[in-house]
Amino acid sequence: MSPCYYGYMGVYDTVIVGGGIIGASIALEISQPGMRVVILDRQKPGRESSWAAAGMLSPAPDSPASVPLVSLAQASLEMYAAYVAKIEEISGATTGYRRDGALEAFFGPTAETNRNELVAEYRWLGLAAEPASAMEARRLETELSPEIGAAAWLPDEASISPRELMQALLAACRERDVDMRADSEVRRIYLQRSRVTGVETSGESVAAGCVIIAAGCFSQLLPGMSRWAPTRPVRGQMVGLRQTDGPLQHVLRSAHGYVVPREGGFVAAGSTLEDAGFEKKVTAGGISKILRAAVELAPQLARAEIVETWSGLRPDTPDHLPVIGSAEVDGLFFATGHYRNGILLAPVTAKIIGEWILQGGSSFDASVFSPMRFADNISADDKAGAKEAGHKRIPLRDNCAGKQP
């Protein structure tokens, strides 16, 4: 018997590698009667960057590099209410979705100038933003620091509880008969004559007409896949606070950090951006930075109880943009590298990949995010991995509509 048949798990229409917010959202999108979908996760689904996220839903760019993402982010934010309603209806669980707007606070002698520049940039990008004086901002959020010099009111922004969302999303996937396998690290992608035929995980083989790489920062570790998804981890530390005073009503942020209020007086405060490899830990320096920024925004948080600290690994790419679309291998799709925007971009990413899987093409122009933009940088190790993968054969269930764009 060929080694690839050892521990044979079965035949699926689609294998999704990665069970975070992106992979699970795609699974729910394509779950249809007669469609066999399986999620394979290297640990417990939903416990990596999705679990660690703050939950801000802001389409605004956080750097010049992310400007190309704005239109996609806007589209995803507009889809969010329907996306959440679907998940909550199927699962019967809540997600903590709130569309209360956000306040960007500015401090110091240049506060008004900096505020006006931000408002002008937002409006140029088609994003809603209104200038607010310090007094006007404090009417919107009474706990906002009296030291602010100016603020921008961002009425369309929203927030969600990522952990509640993940629990509800995974429950919805189960209701739709999506198979989920924890502790199933994918070790090989099977290729046969320039099309994908399945994967190998822990000595077991899974045949599929489509394979979707949605493994976050771990996508680069899959043999042969860094050619299209050269992801890397960027650590972010977070602090969970429990308010003892009146609860905050809106997301607050500044140049130094942010706070995201949730139900029950809980506040998620963040965050750091650290090149620390795959090491997940919290540090005294990181936590102190976050707390300083939080208290600067809302001084009453100095009295809040610290109930949790944690860190996560954001999936970054060389140009800080996500990898969404198909490669030159038929049936192989990518939905990874969402960096700081995975929670926000889940609905639109699921829509794009879902349309490719079910219809053979997407109504969204996501060409700027294509994995092919990295293909020319293939390494010798990637070439060897792709060649080795091509020598493996397993039974193919060719039921994937998606072809190369």
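Counting other Cβ atoms within 10 Å of each Cβ, which chymotrypsin sites (Phe, Trp or Tyr not before Pro) in region 44-106 have at most 13 and sit in a DSSP loop?
Here no loop site has a sparse enough neighbourhood.
Springs between alpha-carbon atoms under 10 Å, Gaussian network over the chain: tell me which of Arg139, Arg292, Arg99 tops the mean-square fluctuations.
Ranking Arg139, Arg292, Arg99 by mean-square fluctuation puts Arg139 first.
Please list the three semi-axes, largest first and in whole Å, of the ellipsoid equivalent to region 73-209, using sqrt of 5 times the eigenvalues of its alpha carbon gyration tensor.
That gives 45, 20, 14 Å for the three semi-axes.
Using the Cβ atoms and a cut-off under 12 Å, what net charge is assigned to the surroundings of Arg123, where Lys and Arg are +1 and Asp and Glu are -1?
Within the 12 Å Cβ shell, the charges total -3.
Using a Förster radius of 41 Å, what is the FRET efficiency between Thr244 and Glu328 based on their Cβ-Cβ separation? Nearest 0.05, please.
Details: r = 57 Å, r/R0 = 1.39.
It comes out at approximately 0.10.
Which one of Ile287, Ile22, Ile39 has the biggest mean-square fluctuation once the chain is modelled by GNM with Cα springs under 10 Å?
Ile287
If one takes the longest principal axis of the Cα atoms in the chain, at what angle in degrees, from 0 to 90 and to the nearest 10, does the Cα axis of helix 21-30 lie?
Its long axis makes an angle of about 60 degrees.
Want the number for Val307 to Ala85: 0.36 nm per residue separation, take away the alpha-carbon distance, what's left?
Computed gain between Val307 and Ala85 is 76.9 nm.
Using alpha carbons only, how many degrees (0 to 90, rounded to 10) separate the axis of helix 284-297 from the longest principal axis of the chain?
Between the helix axis and the principal axis of the chain, the angle is about 50 degrees.
Give the Cα extents of region 238-291 along the principal axes, in whole Å, largest first.
So the three principal-axis extents are 38, 21, 17 Å.
Compute the length gained on full extension between Leu221 and Ser133: take 0.36 nm times their separation in residues and subtract their Cα-Cα distance, giving the result in nm to one decimal.
26.8 nm
Answer with a single label: of [x] -0.43, -0.92; [y] -0.47, -1.02; [z] -0.53, -1.07, which was calculated as log10 I(q)/I(0) by the Debye sum over Cα atoms at q = 0.08, 0.12 Å⁻¹ from the structure in view?
Computing log10 I(q)/I(0) by the Debye sum over Cα atoms at q = 0.08, 0.12 Å⁻¹ and matching it to [x] -0.43, -0.92; [y] -0.47, -1.02; [z] -0.53, -1.07 gives [x].
In degrees between 0 and 90, to the nearest 10, how far off the longest principal axis of the chain does helix 70-91 point, with axes built from Cα atoms?
The angle comes out at about 80 degrees.
In Å and from the alpha-carbon atoms only, list the Rg and Dmax of region 48-93.
That works out to 13.2, 40 Å for Rg and Dmax.
Where a number appears in this text, it was derived from the coordinates with a stated rule and is not lab data. Every value quoted in this text rests on a predicted model; they were computed, and no experiment measured them. Heads up, the Cβs are rebuilt from the backbone with ideal geometry, glycines too, and the neighbour counts pull from every protein chain shown.
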